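What follows is a set of notes on a single structure, which appears directly below.
The values are calculated or read from the model by the stated rules, or taken from the named source; none is laboratory data. Here the structure is a predicted model, which is why all the values come from computation and not from measurement. Cβ coordinates were reconstructed from backbone atoms using ideal geometry, including for glycine residues, and neighbour counts include every protein chain displayed. Areas reflect the complete protein model, heavy atoms only, side chains present, ligands, DNA and RNA absent. Shrake-Rupley method; radii C 1.70, N 1.55, O 1.52, S 1.80 Å.
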Number of protein chains: 2
Amino acid sequence: MSPGQDRRYEFPTPRTRPSRVVVTRPRPILDQGGHPPKRTVGDQVEISVDVIRDGHEVMRAEARVRGPGQRTWSTIEMAHLDAGSLGVRWGTSFTPDRPGEWIWNVRAWADRLGSWREELRRKSDAGQADLASELAEGAVLLAECAERARGADAGTIDEAAETLRSTSASAGDGVDGDLVALALDPDLAAVCDRHPDRSLAGTLPSAAKVDVDPELARFGAWYELFPRSWGGLNGVRRRLPALAELGFDVIYLPPISPIGLTKRKGPNNSLTAGPQDPGSPWAIGDASGGHDAVHPDLGTVADLEALVADARALGLEIALDLAVQCSADHPWLTDHPEWFSHRPDGTLKYAENPPKRYEDIYNVDFDCEDWAGLWAALRDVTTAWVQRGVRVFRVDNPHTKPLAFWQWLIAGVRAEHPEVIFLAEAFTYRALQQELGRIGFSQGYTYFTWKQSAAELREYVEELAGGEREMFRPNNFVNTPGMLTGQLRDGGPDTFEIRLILAGTLAAS
Amino acid sequence: MSPGQDRRYEFPTPRTRPSRVVVTRPRPILDQGGHPPKRTVGDQVEISVDVIRDGHEVMRAEARVRGPGQRTWSTIEMAHLDAGSLGVRWGTSFTPDRPGEWIWNVRAWADRLGSWREELRRKSDAGQADLASELAEGAVLLAECAERARGADAGTIDEAAETLRSTSASAGDGVDGDLVALALDPDLAAVCDRHPDRSLAGTLPSAAKVDVDPELARFGAWYELFPRSWGGLNGVRRRLPALAELGFDVIYLPPISPIGLTKRKGPNNSLTAGPQDPGSPWAIGDASGGHDAVHPDLGTVADLEALVADARALGLEIALDLAVQCSADHPWLTDHPEWFSHRPDGTLKYAENPPKRYEDIYNVDFDCEDWAGLWAALRDVTTAWVQRGVRVFRVDNPHTKPLAFWQWLIAGVRAEHPEVIFLAEAFTYRALQQELGRIGFSQGYTYFTWKQSAAELREYVEELAGGEREMFRPNNFVNTPGMLTGQLRDGGPDTFEIRLILAGTLAAS
């Protein structure tokens, strides 16, 4: 390269003055800020950042926190977390009092008055004779501070400024010990600290978020029952006081919607059902209705609403099952055949997980052209149940539906009802279980049921406890219908007791 | 809450279909993507991401890489990093061949043909009798693939599709082993793999970046000299072959600009200079010019250009000193008094770091109203030297000027000349040293000079080597003018030899 021959080049200055204060590396944070870490109502949320500025200024920092629905920020003073004033980590904490998305940021600035005091102290301690210039500078800073203050504080600060200004101007070359003492007076400093100049403060490039669930998302005892075995929804309703008495928090009902007749399954997965066989509740929908209807054998929508209300009065929540698939008789199959997968010959593909076949179930096709119509229909099903009072959903097999769909659905539901809890029934590989938590599921099923020896259990529980707290909350539901381990089938009452105690003590749900 | 009384609520579906494939957690990454990790030309840059999709599809992923100035992406196939197909970590590497900002992203998709082959294999292995429907589905997928292909590949795939389509339609209920073998043929799979359907691919939410410096930023031997002691710039020029012979890579010159006369310092920091005393080169500027001028005693701008050119021909780079402060006689003090800090009485404040005073130096005030004018002037000084061929800058005390200023300056200079190297002379606390690296400095001074015992050195070097590689490259410059440790002052030649060997072996600069 021949020097001097480059064309001259310029690049524009920023349009607004960037702060000299860098606020960075917020904690807690998940996925580089892509997803909010999880907490529950009442948790003490410890937050911290690095605050870095050039030079040797005395710094101050405060957190600003805003809960869901709040229009204004709450301000919390932050403190150095490291020993010594050269530490750059600042922290504080807040305690969310309601579920939803909590937002926080930090405002940090160089404390010009504090820095001036610090410099004055150093020079005075070093025996510097001529401090008139420093005292005059302080008078200017104090006068500016007085303008920011109100009432008595303004008067106090103004008086100190005037004393420094008038006396230092006439002090000549001698150190006036009284003036230095006034400048460094801790009471004056405390008054000034109430009126900082934040005009050159720095903040995080973007606010940090915390996803706050109700406490029930972290801690609760679940009871599963098939309403058919208890006399329908009203039968369950009569049993509520007894269940509350036992200390349960959530009553989970498998799907309560109408069940398809076509290819209905009989006992033990047989392909032919007798006239009295109810079929699998997961084969959802018949001519009378789909996902937002109640099976006539079990009751009515009004019965469900009454059940939810009675349960809540007893401190219980009713959890419904959200299972996206349809029976052959679901209204969507005739109204929206475009939402389902077809074979090349045009016939519908039933669900399968080779070698298992679910002949009574058809999966929707999330890759179809009208994906937005399908998403909207599933949204309407979910919000219909939320409108009827349901606040807990156990989601069937979420790991075979798009992550982006769940992220959208859960965020949308919780924007209006942040107290809603979604439990993922996802028996899949670990990274996908975690991802479901990251994108919004409050809880996830675990492999607890399959861990049987002490060594297996220890290893698994340690794994769950380690480092995943912020994205995945385990729910050690003792069993899932349709899967029965040898230990549970043959173990007898002792095994059940042991596993109940283990489930209850190894996780909070 | 009384159920059923909520108002009905909806939330809109996304405007475009989100991909089912989540690509996330890119490495390397720094500060949650806020700053690019550092590499040098020729490094093998290992990159990786998590690829997660619902379901059990066979996945494929490719990295897309773009160097500075490139308009098109290079594509590199990625591979599973974990054992087993359920691993979600995918990786590959690339080797940047020029300095500047390298950008990379990942495109990952469900391989429908691969998934179909996998399912067919499972069903066939399980002895499933009727595979006609599966083979017909494969025929459709292959025909689609043939449309994406060109030339011979298109013919090969189309032929296979036609065979599957026509034969499976007439095959009835029997398994046709030949057809399954054709469907699973590895050669056919390899041809198909060349024409994937990426239409539903997922990517990182935003591209990842790597800041690539020239190799000299990582590895080089520096030689410092005062041109005044060597007969000016032309004297230095005559010494270049000998310095190149010694194996040096960088010749660093302290400031070569005119030196102020007012309050000029004498020997050993004395406040009165004799008529022959040159003053401190860091008291920059006099009536003849400021930061972009050459001291008449040392030569001319043309001499500097010739020096740089001769040096480069010998494999050497000339490093200049970038020191923002001004002497009392710098043109900026009269042209732009608003750029400097003033005392309340209107006089200028000289630089100090109590109890040290630099009476011959005035610092600019980055908090002044015309900060943008000041930034632009400093930009013009820097690009002037770059235009004259200088590619290495040792920046004086950057830690007392705004981080945002350096970030802007370095990015702007390197956008045009990515080969330019900035070394931070920042003797400050560790977090600030690191931050200077994060925002763009290629190298930083270390506390090597002050670490003297074996234990001190070991601790410090281990600290430098541990986990900071991506943000901070140490330059163990053996000494800095104006600071002399007892060991260097009194140690004699042996000490210098020891420290030279230590400096050369404990860091690459």
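Among the residues of region B:162-185, those that are over 14 Å from B:LEU120 (Cα atoms) and at pLDDT 90 or above comprise B:GLU162, B:THR163. Looking only at region B:48-57, residues that are facing another protein chain (nearest Cβ under 9 Å) and either under 24 Å from B:GLU215 (Cα atoms) or open to solvent by 10 Å² or more (accessible area, probe 1.4 Å) (or both) come to 4 in all.
Considering every residue within region B:253-263, establish whether at least one is open to solvent by less than 30 Å² (accessible area, probe 1.4 Å), in a strand (DSSP E or B) and touching a residue at least 12 places away in the same chain (Cβ under 8 Å). Yes, region B:253-263 has at least one match. Of the listed requirements (1) within 14 Å of chain B (Cβ to nearest Cβ); (2) within 24 Å of A:ALA181 (Cβ to Cβ); (3) crowded, with 18+ Cβ neighbours inside 10 Å, A:TRP109 misses just one: (2).
Going by the conditions given, is A:LEU216 surrounded by fewer than 20 Cβ atoms within 10 Å (Cβ to Cβ), touching a strand residue (DSSP E or B) at 6+ places or on another chain (Cβ under 9 Å) and either in a loop (DSSP other than H, G, I, E, B) or modelled with pLDDT of 90 or more (or both)? No: the conditions fail for A:LEU216. Could you go through region A:343-366 and let me know if any residue there is among the β-branched types (Val, Ile, Thr), open to solvent by less than 20 Å² (accessible area, probe 1.4 Å), part of a loop (DSSP other than H, G, I, E, B) and within 10 Å of another protein chain (Cβ to nearest Cβ). Within region A:343-366 (the criterion being among the β-branched types (Val, Ile, Thr), open to solvent by less than 20 Å² (accessible area, probe 1.4 Å), part of a loop (DSSP other than H, G, I, E, B) and within 10 Å of another protein chain (Cβ to nearest Cβ)), the answer is no, since none of the residues qualifies. Among the residues examined, B:VAL45 does not qualify as touching a strand residue (DSSP E or B) at 6+ places or on another chain (Cβ under 9 Å) and surrounded by 21 or more Cβ atoms within 10 Å (Cβ to Cβ). Among the residues making up region B:187-213, those that are out of contact with any strand residue (DSSP E or B) (no Cβ under 9 Å at 6 or more places or on another chain) and either part of a helix (DSSP H, G or I) or among the hydroxyl-bearing types (Ser, Thr, Tyr) (or both) are B:ASP187, B:LEU188, B:ALA189, B:ALA190, B:VAL191, B:CYS192. Is it true that some residue in region B:140-147 is away from every other protein chain (no Cβ under 14 Å), within 26 Å of B:PRO18 (Cα to Cα), in contact with a strand residue (DSSP E or B) (Cβ under 9 Å, 6 or more places away or on another chain) and at pLDDT 95 or above? No, region B:140-147 contains no residue that is away from every other protein chain (no Cβ under 14 Å), within 26 Å of B:PRO18 (Cα to Cα), in contact with a strand residue (DSSP E or B) (Cβ under 9 Å, 6 or more places away or on another chain) and at pLDDT 95 or above. Set side by side, the residues B:VAL23, B:VAL45 differ, and just one is in contact (Cβ under 8 Å) with a residue 24 or more places away in the chain and within 13 Å of chain A (Cβ to nearest Cβ), which is B:VAL23. Working only within region A:401-431, note down all residues that are modelled with pLDDT under 95 and closer than 23 Å to B:LEU200 by Cα. Residues satisfying the conditions are A:THR428, A:TYR429, A:ALA431. Does B:ARG121 count as within 30 Å of A:PHE405 (Cβ to Cβ), in contact (Cβ under 8 Å) with a residue 40 or more places away in the chain, part of a helix (DSSP H, G or I) and open to solvent by 20 Å² or more (accessible area, probe 1.4 Å)? For B:ARG121, the condition - within 30 Å of A:PHE405 (Cβ to Cβ), in contact (Cβ under 8 Å) with a residue 40 or more places away in the chain, part of a helix (DSSP H, G or I) and open to solvent by 20 Å² or more (accessible area, probe 1.4 Å) - is met.
The one condition from (1) at pLDDT 95 or above; (2) within 30 Å of the chain's Cα centre (by Cα) that A:LEU81 does not meet is (1). Among the residues here, B:VAL413 does not qualify as within 13 Å of chain A (Cβ to nearest Cβ) and touching an Asp or Glu at 6+ places or on another chain (Cβ under 7 Å).
Quick grid of which residues meet (1) under 20 Å from A:LEU322 (Cα atoms); (2) in contact with a Leu (Cβ under 7 Å, 6 or more places away or on another chain); (3) of a type in the set (Val, Ile, Thr):
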| residue | (1), (2), (3) |
| --- | --- |
| A:TRP375 | yes, no, no |
| A:THR383 | yes, no, yes |
| A:VAL386 | yes, no, yes |
| A:LEU432 | yes, no, no |
| A:ILE439 | yes, yes, yes |
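Please verify whether region A:394-409 includes one or more residues that are out of contact with any Asp or Glu (no Cβ under 8 Å at 6 or more places or on another chain), within 10 Å of another protein chain (Cβ to nearest Cβ), open to solvent by less than 10 Å² (accessible area, probe 1.4 Å) and not in a helix (DSSP H, G or I). Checked region A:394-409: no residue is out of contact with any Asp or Glu (no Cβ under 8 Å at 6 or more places or on another chain), within 10 Å of another protein chain (Cβ to nearest Cβ), open to solvent by less than 10 Å² (accessible area, probe 1.4 Å) and not in a helix (DSSP H, G or I). Comparison of A:VAL140, A:VAL180 shows that the only residue that is farther than 27 Å from A:ILE76 by Cα, open to solvent by less than 40 Å² (accessible area, probe 1.4 Å) and assigned to a helix (DSSP H, G or I) is A:VAL180. Looking only at residues of region A:466-481 that are modelled with pLDDT under 70 and either β-branched (Val, Ile, Thr) or in contact with a His (Cβ under 8 Å, 6 or more places away or on another chain) (or both), we find that the one that is most open to solvent (accessible area, probe 1.4 Å) is A:VAL478.
Of all residues in region B:325-338, those satisfying the criterion of being crowded, with 21+ Cβ neighbours inside 10 Å and in a loop (DSSP other than H, G, I, E, B) are B:GLN325, B:SER327, B:ASP329, B:HIS330. Taking the condition under 28 Å from B:ILE318 (Cα atoms) and surrounded by fewer than 22 Cβ atoms within 10 Å (Cβ to Cβ), does B:THR428 pass? When the stated conditions are applied, B:THR428 passes them.
Of all the listed residues (A:ASP297, A:ASP303, A:ASP310, A:ASP321), the sole one being within 21 Å of A:ASN397 (Cβ to Cβ) and of a type in the set (Asp, Glu) is A:ASP321.
A:GLN443 meets all of the listed conditions (1) closer than 20 Å to A:ALA507 by Cβ; (2) out of contact with any Ser or Thr (no Cβ under 8 Å at 6 or more places or on another chain) but one, namely (2). Filtered by the rule that a residue be acidic (Asp, Glu) and at the interface with chain B (Cβ under 10 Å from one of its Cβ atoms), region A:58-96 gives a lone residue, A:ASP82. Condition first: among the charged types (D, E, K, R), within 14 Å of chain A (Cβ to nearest Cβ) and either under 42 Å from the mean Cα position of the chain (by Cα) or under 15 Å from B:LEU113 (Cβ atoms) (or both). Can you find one or more residues in region B:226-245 that meet it? Yes, region B:226-245 has at least one match.
For every residue, the table says whether it meets (1) in contact with a Lys or Arg (Cβ under 9 Å, 6 or more places away or on another chain); (2) open to solvent by less than 30 Å² (accessible area, probe 1.4 Å); (3) outside any helix (DSSP H, G or I); (4) not acidic (Asp, Glu).
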site: B:ASP82; (1), (2), (3), (4): yes, no, yes, no
site: B:GLY91; (1), (2), (3), (4): yes, yes, yes, yes
site: B:GLY114; (1), (2), (3), (4): yes, yes, no, yes
site: B:ASP130; (1), (2), (3), (4): no, no, yes, no
site: B:ALA152; (1), (2), (3), (4): no, no, no, yes
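Flag set for B:ASP370, criterion: open to solvent by 50 Å² or more (accessible area, probe 1.4 Å) and touching an Asp or Glu at 6+ places or on another chain (Cβ under 7 Å). Whether a residue is crowded, with 22+ Cβ neighbours inside 10 Å, over 30 Å from B:GLU137 (Cα atoms) and out of contact with any Asp or Glu (no Cβ under 8 Å at 6 or more places or on another chain) was assessed, and A:ILE318 passes this test.
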